[in-house]
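So the structure is just underneath, and the comments pick up after that.
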Amino acid sequence: MSMKLLHDTKLMFIRNLQHTFRTPVFIFVSMFQPLMYLLLFMPLLNGLGSVPGIPAGKAVDEFIPGLLVLEALFGTAFVGFSLIDDIRSGVIERFLVTPVSRSAILLGRVLRDAGILLLQCILIALVAIPFGLNVNATGFLLSLLLYALVGITMASISYGFALTFKIEDALAPTLNTITLPVSLLSGIILPLALAPVWLKDLSKINPFSYAVDATRDLFAGNFTSLGVIEGFVVIVAMAVLVFLWSLQLLKKMAA
Amino acid sequence: MSADLVIETKGLRKTFISKERGGKKNGKKEVEAVKSIDLTVRKGEIFGFLGPNGAGKSTTQKMLSTLLCPTSGEAKVLGYDLSKKQGQIRQNVGCVSQAGGADLGSTGTENLVLQAQLYGADSATAKKDAAEFAERFQMTSFIARPAQTYSGGQKRRLDIALGMIHHPQLLLLDEPTTGLDPQSRAYLWGEIKKLKAGGITIFLTTQYMDEADKLCDTIAIIDNGKIIVTGTPEELKSSVGGDTIVFTFPSEEIAHKAETLLNERVKVEKIQVYSNVVHLTVKNGERLMPDLLRSLDSKSLKAQGVTLSRPSLDDVFLKYTGRSLREDIIK
């Protein structure tokens, strides 16, 4: 059984990857936003000097890990559109009448999304090195795992809503409505250390804020901090939960 | 269940909950898309499921392909219980939906190879099968191009090849020629007959009378989620009655004289005069016609024109539903 899941997931992963590489320019399009932050916004942080949450001269080390979480959120948030395409052209229905594992249909997609995301994160990190990024190598590798999980979570949410609405007009505003508050409440752009208490409390119910805390610790080399453990636990739980939710919706599509 | 029954259903039923808008109450309403369907499809036949849009054809087909769960009722497909053995049914049934479902960004070959692999073929077998099917469905000239560049007929061929790639025992075809030009339709009809000759059982839904008439061994007419009548095309047509001969005469007076004569000469099922035109319904119209014309001539009741029409499935639909199928399609 699990052999079949593995086999089918591989087939679906390759199929989806082929689709992505057919128009490779889109791999770079979603990197535009974080690169703009890096080039046009980060210099402002350096100019702030020492503020709570940003040690003097360390702005880049605090900012880049958050920026990569931002990429993980926005780079995968809109993958649901491709699923609507496949539903509309009857491709998903054709898959569903074959004996292919239903989990593999979605797993092949989210793993593709996570793979493309990691490529993007590595490219952004490389661009950040000339800006003085100091990063612990092991911490960076563990962070990549964390970004992949954030990407799988966001992609699953996107697929879940795509399966709920099945039309683009409803999907776009829904995803925008989610991504904006979720990224603001993660302390990505500016640290939450600056925030009033109520805003800090609000950020605690945002699972992605834990990922930002965790990756900042990892970049600094604090592998065993509470933040790192919390970050992984919260994101793994979220990823599993939303994946199962969208899988339920896929199964219900045929019901 | 008998071994030569490929599909057997009893009281198959499907309801959907639909949201209603407008009026004072916004509410949910249960819509019965398929109301208690009993079907038997025999091995090796082309079974036609004929009815207008929205009759419940696609819903029934989706239940048979395991895509939709029946609300109630029982069904066996290839001897497997529909509610329990979905895996076996999926492995042994081929399914071509109305949308087709080819991946338009991929080439025909990529589509076929993946499809074969989804049914469990290894990579080498999948490639071999894909090449073989490209040959068999005369697709070699375009199979290496992305499917989005295909004409309607070419895409339909790919769709059917996708449904056949795993050598199923039963093929479900949902409106295979809807939206195709006449040449492509004729070509596909030929292909479907060839498939049948290869021994596969085909369950074909269609809204076209001529298609059902030309292809099917057995036809079930469905309307409003219910099967109205089942039989061979010949049985259904003869249930409507005999052939209709329409004579046109120079005047109404002559037409009435002819009516009297015709009534004496043959065993009339029905005869009606509309102005100078006589509609005569008889058995074996084709054989009687020359004789009738001679008799009319001998009494100087010269017809200006004569047409013979055999009952069509459209007449069958009209008889059992009180509506013309064409009206429904136009609507």
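Restricting the first residue to the range A:196-224 and requiring it to be at positive phi, which pairs with a second residue that is polar (S, T, N, Q) meet a Cβ separation below 7 Å and a spacing of at least six or different chains?
A:Gly221/A:Asn136
Which condition from (1) buried (at least 18 other Cβ atoms within 10 Å of the Cβ); (2) at pLDDT 85 or above; (3) in a loop (DSSP other than H, G, I, E, B) is the one that B:Lys302 breaks?
Condition not satisfied by B:Lys302: (1).
Determine if the range B:45-58 includes at least one residue that is in contact (Cβ under 8 Å) with a residue 60 or more places away in the chain, closer than 25 Å to B:Ala197 by Cβ, within 12 Å of another protein chain (Cβ to nearest Cβ) and not aromatic (Phe, Trp, Tyr).
So far as the range B:45-58 goes, no, none of its residues is in contact (Cβ under 8 Å) with a residue 60 or more places away in the chain, closer than 25 Å to B:Ala197 by Cβ, within 12 Å of another protein chain (Cβ to nearest Cβ) and not aromatic (Phe, Trp, Tyr).
Would you check if B:Leu78 is more than 20 Å from the chain's Cα centre (by Cα), surrounded by fewer than 21 Cβ atoms within 10 Å (Cβ to Cβ) and closer than 13 Å to B:Leu171 by Cα?
On the way: more than 20 Å from the chain's Cα centre (by Cα): yes; surrounded by fewer than 21 Cβ atoms within 10 Å (Cβ to Cβ): yes; closer than 13 Å to B:Leu171 by Cα: yes.
Against the criterion (more than 20 Å from the chain's Cα centre (by Cα), surrounded by fewer than 21 Cβ atoms within 10 Å (Cβ to Cβ) and closer than 13 Å to B:Leu171 by Cα), B:Leu78 qualifies.
Scan B:Asp315, B:Asp291, B:Asp297 and give me the residue that is outside any strand (DSSP E or B), of a type outside the set (A, V, I, L, M, F, W, C) and under 23 Å from B:Thr218 (Cα atoms).
So the residue among B:Asp315, B:Asp291, B:Asp297 that is outside any strand (DSSP E or B), of a type outside the set (A, V, I, L, M, F, W, C) and under 23 Å from B:Thr218 (Cα atoms) is B:Asp315.
B:Thr140 - would you say it is over 23 Å from A:Ser101 (Cα atoms), of a type in the set (Val, Ile, Thr) and more than 14 Å from every other protein chain (Cβ to nearest Cβ)?
Numbers: over 23 Å from A:Ser101 (Cα atoms): yes; of a type in the set (Val, Ile, Thr): yes; more than 14 Å from every other protein chain (Cβ to nearest Cβ): yes.
Yes.
Restricting to the range B:79-94, what's the tally of residues that are in contact (Cβ under 8 Å) with a residue 12 or more places away in the chain, touching a strand residue (DSSP E or B) at 6+ places or on another chain (Cβ under 6 Å) and either at the interface with another protein chain (Cβ under 7 Å from one of its Cβ atoms) or over 30 Å from A:Thr20 (Cα atoms) (or both)?
The qualifying residues number 3.
Please work out which one of (1) in contact (Cβ under 8 Å) with a residue 60 or more places away in the chain; (2) crowded, with 20+ Cβ neighbours inside 10 Å; (3) closer than 15 Å to A:Leu250 by Cα is the condition A:Tyr147 fails and give its number.
(3)
Looking at (1) within 11 Å of chain A (Cβ to nearest Cβ); (2) at pLDDT below 95; (3) touching a Gly at 6+ places or on another chain (Cβ under 9 Å); (4) not in a loop (DSSP other than H, G, I, E, B), which one does B:Glu74 not meet, given that it meets all the others?
(1)
Would you pick out the residues in the range A:39-59 that are modelled with pLDDT of 85 or more and surrounded by 11 or more Cβ atoms within 10 Å (Cβ to Cβ)? Write out each step before concluding.
From the range A:39-59, those modelled with pLDDT of 85 or more are A:39-40; that's our starting set.
Correct list: A:Leu39 only.
Which numbered condition in (1) in a helix (DSSP H, G or I); (2) within 14 Å of another protein chain (Cβ to nearest Cβ); (3) touching a residue at least 60 places away in the same chain (Cβ under 8 Å) is the only one that A:Val100 fails?
The one condition A:Val100 does not meet is (1).
Determine whether B:Leu67 is surrounded by fewer than 23 Cβ atoms within 10 Å (Cβ to Cβ), free of Cβ contacts under 8 Å to residues at least 40 places away in the same chain and at the interface with another protein chain (Cβ under 9 Å from one of its Cβ atoms).
yes
What number goes with the only condition from (1) closer than 19 Å to A:Asp61 by Cβ; (2) in contact (Cβ under 8 Å) with a residue 24 or more places away in the chain that A:Thr164 does not pass?
It is condition (1) that A:Thr164 fails.
Going by what's in this entry, would B:Ser97 be described as within 9 Å of chain A (Cβ to nearest Cβ) and either under 25 Å from B:Met139 (Cβ atoms) or modelled with pLDDT under 95 (or both)? Reasoning before the result, please.
On the way: within 9 Å of chain A (Cβ to nearest Cβ): yes; either under 25 Å from B:Met139 (Cβ atoms) or modelled with pLDDT under 95 (or both): yes.
Criteria met by B:Ser97.
Restricting to the range B:156-206, and then to whatever is polar (S, T, N, Q) and surrounded by fewer than 21 Cβ atoms within 10 Å (Cβ to Cβ), can you tell me which residue is nearest to the chain's Cα centre (by Cα)?
So, considering only residues that are polar (S, T, N, Q) and surrounded by fewer than 21 Cβ atoms within 10 Å (Cβ to Cβ), the one nearest to the chain's Cα centre (by Cα) is B:Thr178.
Filter the range A:13-25 down to the residues that are more than 9 Å from chain B (Cβ to nearest Cβ) and surrounded by 13 or more Cβ atoms within 10 Å (Cβ to Cβ), then identify the one that is farthest from B:Ala126 (Cα to Cα).
Within the range A:13-25, the match that is farthest from B:Ala126 (Cα to Cα) is A:Thr20.
Every residue in the range A:196-229 that is exposed (fewer than 15 other Cβ atoms within 10 Å of the Cβ) and either of a type in the set (Val, Ile, Thr) or at pLDDT 95 or above (or both), please.
Answer for the range A:196-229, where residues must be exposed (fewer than 15 other Cβ atoms within 10 Å of the Cβ) and either of a type in the set (Val, Ile, Thr) or at pLDDT 95 or above (or both): A:Val197, A:Ile205, A:Thr224, A:Ile229.
Can you tell me which of (1) part of a loop (DSSP other than H, G, I, E, B); (2) within 19 Å of the chain's Cα centre (by Cα) is the one B:Thr9 doesn't meet?
Result: B:Thr9 fails condition (1) only.
Can we say B:Thr281 is loosely packed, with under 13 Cβ neighbours inside 10 Å and either touching a residue at least 12 places away in the same chain (Cβ under 8 Å) or assigned to a strand (DSSP E or B) (or both)? Lay out the reasoning, then the answer.
Working: loosely packed, with under 13 Cβ neighbours inside 10 Å: no; either touching a residue at least 12 places away in the same chain (Cβ under 8 Å) or assigned to a strand (DSSP E or B) (or both): yes.
The answer is no for B:Thr281.
Exactly one of these conditions fails for A:Leu70: (1) under 13 Å from the mean Cα position of the chain (by Cα); (2) aliphatic (A, V, I, L, M); (3) within 14 Å of chain B (Cβ to nearest Cβ). Give me its number.
That leaves (3) as the condition not met.
If you go through the range B:100-125, how many residues are within 7 Å of another protein chain (Cβ to nearest Cβ) and among the aliphatic types (A, V, I, L, M)?
3
List every residue pair whose Cβ atoms lie under 7 Å apart, where the two residues are 6 or more positions apart in sequence or sit on different chains, the first residue falls within the range A:229-255 and is within 14 Å of chain B (Cβ to nearest Cβ), and the second residue, located anywhere, is surrounded by 15 or more Cβ atoms within 10 Å (Cβ to Cβ) and assigned to a helix (DSSP H, G or I).
Listed pairs, sorted by first residue: A:Leu250/A:Arg102; A:Leu250/A:Ile105; A:Leu250/A:Leu106; A:Leu250/A:Leu163; A:Lys251/A:Arg102; A:Met253/A:Leu163; A:Ala254/A:Leu96.
Exactly one condition in (1) of a type in the set (Val, Ile, Thr); (2) farther than 22 Å from A:Phe232 by Cα; (3) buried (at least 20 other Cβ atoms within 10 Å of the Cβ); (4) in contact (Cβ under 8 Å) with a residue 40 or more places away in the chain is false for A:Val127; which is it?
Exception for A:Val127: condition (3).
The values are calculated or read from the model by the stated rules, or taken from the named source; none is laboratory data. None of these values were measured; they are calculated from a predicted model. Note that each Cβ is placed from the backbone with ideal geometry, even for glycine, and that neighbours are counted across all protein chains shown.
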